[in-house]
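**Q** Dropping the structure in here first, questions after.
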Amino acid sequence: MKKLSAIAVLSLFFFVAGGYAQALSLNDYLKLVAKNNLTLKSINANIISLNGQIAAVDRAYSAVLNANAAYSHDGSKSNMQLPVDINTTAYDASISKLFVTGTTLALGFNNSIVSIDNPAVDERNIISPYIQVQQSLLKNFNGAATKANIEQARATIRQTLYQLEQSRRQILTSAKLAYFNLSYAKTLVEYRKTSLGRSNRVYEWMQNRYRLDLAEKADYLQSQAAVKNGELNLQSAQGNEVQKRAVFNQLINEDESVNHEIADFIEITDQYVKDRKLSKTGIRLDVLAASEAVKAANFNRQYSKANAGADLSLIGQYGLGGLDTTFSNSLRQVTSAEKPSYSIGLKYSLPLDFSLRKTMDEGYEAAAISKQRALEAAILQEKTDWQQALYNWENALLRFKLSREVRDLLVQYDEENHKLLRRGRTTTNNVIQGEQSLDDAQVGIYTTVIELMTVYENAVADYTNKIINE
C-alpha cells in the first residue's frame, strides 16, 4: 500500500491547521474582553472614579463662596436711654481661600439694616467690606497639617489605582493565555485526527496482511489497539477543546457553545521562540502599591500628630465702615474711607485627652512600620519571582529546542520504520511504538510552548513604566 511519509503528513497537518479563514486575532479578542468582560468593566469604572478623586484632592485649596442672612428682634429694651424694640436684618457674603502656607484669606462684604420701634429715630444702614487673614502658628503652620492630609489621600488613592491596574492586567493576561490555550487545543485536535489517520492506515495494511496470512494475529491486534488508543486521544483532545473554549468565551461574556476561529497555534508559536527575551520594563505594580501604602501611613501619622495637638492661630481683620440712614450714603462713607476699622487677636486650643493622644501616636507609628515591612517583603518577593521566571524561561526554551530535535529524529525514524515494515524487516510493534513516540514528541513541543507563553506573560504582566504623577 502506498504510504505518505511522516514529514508529508505533518506538513499537510500544518497547512490545514493554519487555514482558518477570517480568524479572530489576539488583539481583536483582547478588544472584545475590554468591551464585554464584566469584571474588567467594573475595574475600569473604578479606575476612572479614582482618577477623578485624585484630581479632587486639591479642592482643599479651592476658593469658597460663603453667604448668610439673618434677622433678629431684640425686645429686651435693655437700652435705658432708648427702651424700645430693635429689629436687625443682616447680610454677609465672602470668598475665602486656603493657601499652601496654611494661611486663610477672606474677602467679604457685610450689610446690616437696623430699625427701631420709634418714629423719631430713622432706620440705620450699616455696610462694611473687609479683608480677614487667619494663620495657624502651630498645627497648620506652613500648611503642614493640610499638606499631610492631602498627601495621605493621594497616596491611598494611588495605592488603590496600582492594585486595580494589577487586577486589570491579570484579567488581560488570563485572556491572552485563554486565547493561546484554545489555539493549542484546536491544533491538538487536528493533530490527533492526523495521528489517528496514520494509525488507521497501519491497521488497514496489517488487516490485509493478516487476511492473506502474511502477518501474525498479535500484530493485527496491536495495530487495532493503536487505532483505539488514537480514538481515545482524540476524544480527550476534543474534551479539552470544549473546556478551553468555555474559558475563552466566559472572558468575553459569550455562551460556551460559540465557536470562534482563531489564529493558528504554529503561527503564534513563532513569536515566542524567535528572538524573544524576557526582560523587565519598569517596576512591578504590587511593589508600587506597597510603596504608596508606606507613604499613606507616614502622612497619616504626620496629620494625626499635627491635628491632635495644640493650636495657636493669629487672626487679623481690616474693614471700611459706613453708617447712615441710606445705603448710598453709607457706601459713600466706605469709598471715602471715613470709618476704617481693624482687629487683631490670638486663638488657642488644646485637646485634653493626653493619654488617648499617646495611644493614637503609637498606633499610627506601628501602622507605618507594618507598611514598611510589607514593602520590604514585596521587593524581596519580586526579586525572587523574577529570578524564578528567568530560570523557568531559559529552562523551557532549552527543552523546546531539544524537543524539536527529538521530534525531527523521530520523524526520520518513523519513515525508516515504515520502509522496513513494507520489506518485512521490522515488527509492527516497532512501527506503532515509533508512531506513539512521535506523537508524544510533537505534543511535548506544544506543551513546552504553552509553558513558555505562560511564563513570559505572567512575568511581564505586572511591570509598568507608567508611574502615577505625584
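FYI, it's all coordinate maths here, none of it is from the lab. All values reported here derive from a predicted model rather than from experimental measurement. Positions of Cβ are backbone-derived with ideal geometry, glycine not excepted, and every protein chain shown enters the neighbour counts.
**Q** Roughly how many debye, to the nearest 20, is the charge dipole of the stretch 320-370 about its Cα centre, given +1 on each Lys and Arg Cβ, -1 on each Asp and Glu Cβ, and no other charges?
**A** About 260 debye.
**Q** Could you pull out every one of the aspartates and glutamates with an alpha carbon less than 17 Å from that of Lys139, ignoring same-chain neighbours closer than 8 positions?
**A** Glu151, Asp311, Asp353, Asp361
**Q** Next up: Could you compute the net charge surrounding Ser355? Neighbours are other residues with a C-beta less than 14 Å from the C-beta of Ser355; K and R count +1, D and E count -1.
**A** -1
**Q** Relative to the longest principal Cα axis of the chain, at what angle does helix 144-211 sit, 0 to 90 degrees, rounded to 10?
**A** So the inclination is approximately 10 degrees.
**Q** In addition: Between helix 354-422 and the chain, what is the angle of the helix's C-alpha long axis to the longest principal axis, kept within 0 to 90° and rounded to the nearest 10?
**A** 20 degrees
**Q** Same structure, new question: By how many degrees, between 0 and 90 and to the nearest 10, does the Cα long axis of helix 217-250 differ from the longest principal axis of the chain?
**A** Orientation of helix 217-250: about 10 degrees from the principal axis.
**Q** Here is a follow-up. Placing unit charges on C-beta atoms (Lys and Arg positive, Asp and Glu negative, everything else neutral), compute the dipole magnitude of the stretch 268-353 about its Cα centre in debye, rounded to 20.
**A** Roughly 480 debye for the stretch 268-353.
**Q** Let me check against my output: what whole-number percent is the relative contact order of the chain, with C-alpha pairs under 8 Å and at least 6 apart?
**A** That works out to 20 percent.
**Q** I would also like to ask the following. What ranking, highest mean first, results for peptides 186-195, 59-68 when packing means the other Cβ atoms within 10 Å averaged over each residue?
**A** Peptide ranking by packing, descending: 186-195, 59-68.
**Q** Same structure, new question: Run the dipole for the stretch 334-470 about the Cα centre, Lys and Arg Cβ at +1, Asp and Glu Cβ at -1, nothing else charged, and hand back the magnitude in debye, nearest 20.
**A** Roughly 80 debye, rounded to the nearest 20.
**Q** Shifting gears a bit: Work out Dmax and Rg for the stretch 294-416 from the C-alpha atoms and quote the Rg first, both in angstrom.
**A** So, for the stretch 294-416, Rg and Dmax equal 37.2, 121 Å respectively.
**Q** What percent does the relative contact order of the stretch 21-129 come to when contacts are Cα pairs within less than 8 Å and at least six residues apart?
**A** 18 percent
**Q** Pop out the Kirkwood hydrodynamic radius of the chain from its pairwise C-alpha distances, inverse of mean 1/r, in Å to one decimal.
**A** 30.5 Å
**Q** Taking +1 at the Cβ of each Lys and Arg and -1 at the Cβ of each Asp and Glu, which of Leu107, Ala70, Trp393 sits farthest along the dipole of the chain towards its positive end, judged by Cα position relative to the Cα centre?
**A** Trp393
**Q** While we're on this one: Cα gyration tensor of the stretch 273-323, axes a ≥ b ≥ c as square roots of the eigenvalues: rounded (a/c below 1.5), prolate (a/b > b/c) or oblate?
**A** oblate
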